[in-house]
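**Student:** Got a structure here, written out as structure tokens. Questions coming.
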Amino acid sequence: AQKITQTQPGMFVQEKEAVTLDCTYDTSDPSYGLFWYKQPSSGEMIFLIYQGSYDQQNATEGRYSLNFQKARKSANLVISASQLGDSAMYFCAMTSNSGYALNFGKGTSLLVTP
Amino acid sequence: DGGITQSPKYLFRKEGQNVTLSCEQNLNHDAMYWYRQDPGQGLRLIYYSQIVNDFQKGDIAEGYSVSREKKESFPLTVTSAQKNPTAFYLCASSTQGTGLEDYGYTFGSGTRLTVV
């Protein structure tokens, strides 16, 4: 069975600073995918970034990067130059080739302050 | 534009009544999913379907039922057997592949169900 752990219920960051949101996972599957989603107060799920377990390089998408440490089973999201609009819930999720459904962590609430 | 439509956005029902949440996609995705989200919690999988006329239970299927008669549609019925039905319900869809790619997961905008 897969398990995703996000240990930070809430985080604060000042505008223009960088912030790291933690995610650790546990799986027995040799191949898997890791995702980060943003959920603003409206409730929609916004895809941010994807990392495959066999990808050699850390994924990056604009201001978002994924710090993937396979041996430690961690997939932390780094947001550079935070903006007020980044205030939202952030969810780490994973899937594998033994099941297509995404398995989510409990999320981290991020508040960006001026 | 392609996407997933969930309706209605807000739904109120009396306790003991069944209610059906709609989910329609025009992305030509094979797989569809239903998730439940409670305040301050992550998403928990209720049911999923990888092909028409077939579906599997997720982690919290008790008190829910689904059907997949068409590729585009995956309605969720919240039955009176569901003890705590008040929650935010999200529908999603994805492609299927033979390897590990991101499968193009797409989410609807959700239905907020309140049972009084």
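**Student:** Find the all-direction average of the projected area of the Cα convex hull for the range B:43-96, expressing the result in square nanometres with one decimal place. Numbers along the way, then the final one.
**Tutor:** Working: hull surface 15.5 nm².
Convex hull of Cα atoms, orientation-averaged projection: 3.9 nm².
**Student:** What are the ³J(HN,Hα) couplings of the range B:20-32, residue after residue, when phi is run through the Karplus curve with 6.51, -1.76, 1.60 and θ = phi - 60°? Round to Hz, x for glycine and proline.
**Tutor:** Taking θ as phi minus 60°, the curve returns 10, 9, 8, 9, 10, 10, 10, 9, 6, 7, 7, 9, 9 Hz for the range B:20-32.
**Student:** Same structure, new question: Cut-off under 25 Å on the C-alpha distance; same-chain residues fewer than 8 positions from A:Lys16 excluded. Which lysines are left, in chain and number order?
**Tutor:** A:Lys38
**Student:** For A:Lys73 and B:Lys9, FRET efficiency with R0 = 45 Å and r from the beta-carbon atoms, rounded to 0.05?
**Tutor:** Efficiency, from the Cβ-Cβ distance: 0.75.
**Student:** If you take the Cα Rg of the range B:1-54 and divide it by 2.2 N^0.38 Å, with N the number of residues, what do you get?
**Tutor:** Values: Rg = 13.3 Å, N = 54, 2.2 N^0.38 = 10.0 Å.
This ratio for the range B:1-54 stands at 1.33.
**Student:** Would you kindly work out the equivalent ellipsoid of the protein assembly as shown from its C-alpha gyration tensor and give its semi-axes, the square roots of five times the eigenvalues, largest first in whole Å?
**Tutor:** In descending order the semi-axes read 29, 21, 15 Å.
**Student:** Over 19 Å apart: what share of the alpha carbon pairs of chain A falls there, rounded to a whole percent?
**Tutor:** For chain A, the share of Cα pairs beyond 19 Å comes to 41 percent.
**Student:** Now for a different question. Write down Rg/Rh for the range B:26-116, rounded to two decimals, with Rg from the C-alpha atoms and Rh from the Kirkwood relation over Cα pairs.
**Tutor:** Radius of gyration relative to Kirkwood radius: 0.97.
**Student:** Only counting other Cβ atoms within 10 Å, I'd like A:Lys70, A:Lys106, B:Lys14, A:Lys38 sorted with the fewest neighbours first.
**Tutor:** Ascending Cβ contact count within 10 Å gives the list B:Lys14, A:Lys70, A:Lys106, A:Lys38.
**Student:** For chain A, with a Gaussian network of springs between Cα atoms less than 10 Å apart, report the residue from A:Ser41, A:Ser96, A:Ser53 with the top mean-square fluctuation.
**Tutor:** The residue that fluctuates most here is A:Ser41.
**Student:** Could you give each residue of the range A:34-43 its phi-based ³J(HN,Hα) in whole Hz, using Karplus coefficients 6.51, -1.76, 1.60 with θ = phi - 60°, and x for Gly or Pro?
**Tutor:** 10, 10, 10, 10, 10, 10, x, 4, 5, x
**Student:** Among the lysines in chain B, how many pairs, 8 or more places apart or on different chains, have alpha carbons under 19 Å apart? Walk me through the intermediate numbers first.
**Tutor:** On the way: B:Lys14/B:Lys83; B:Lys57/B:Lys70; B:Lys57/B:Lys71; B:Lys57/B:Lys83.
The number of close lysine pairs in chain B is 4.
Readers should treat all values here as calculations from the given coordinates under stated rules, not as data from a laboratory. Since the model is a prediction, treat every value here as computed from it, not as a measurement. FYI the Cβ positions are ideal-geometry reconstructions off the backbone, even for glycines, and counts take in every protein chain you see.
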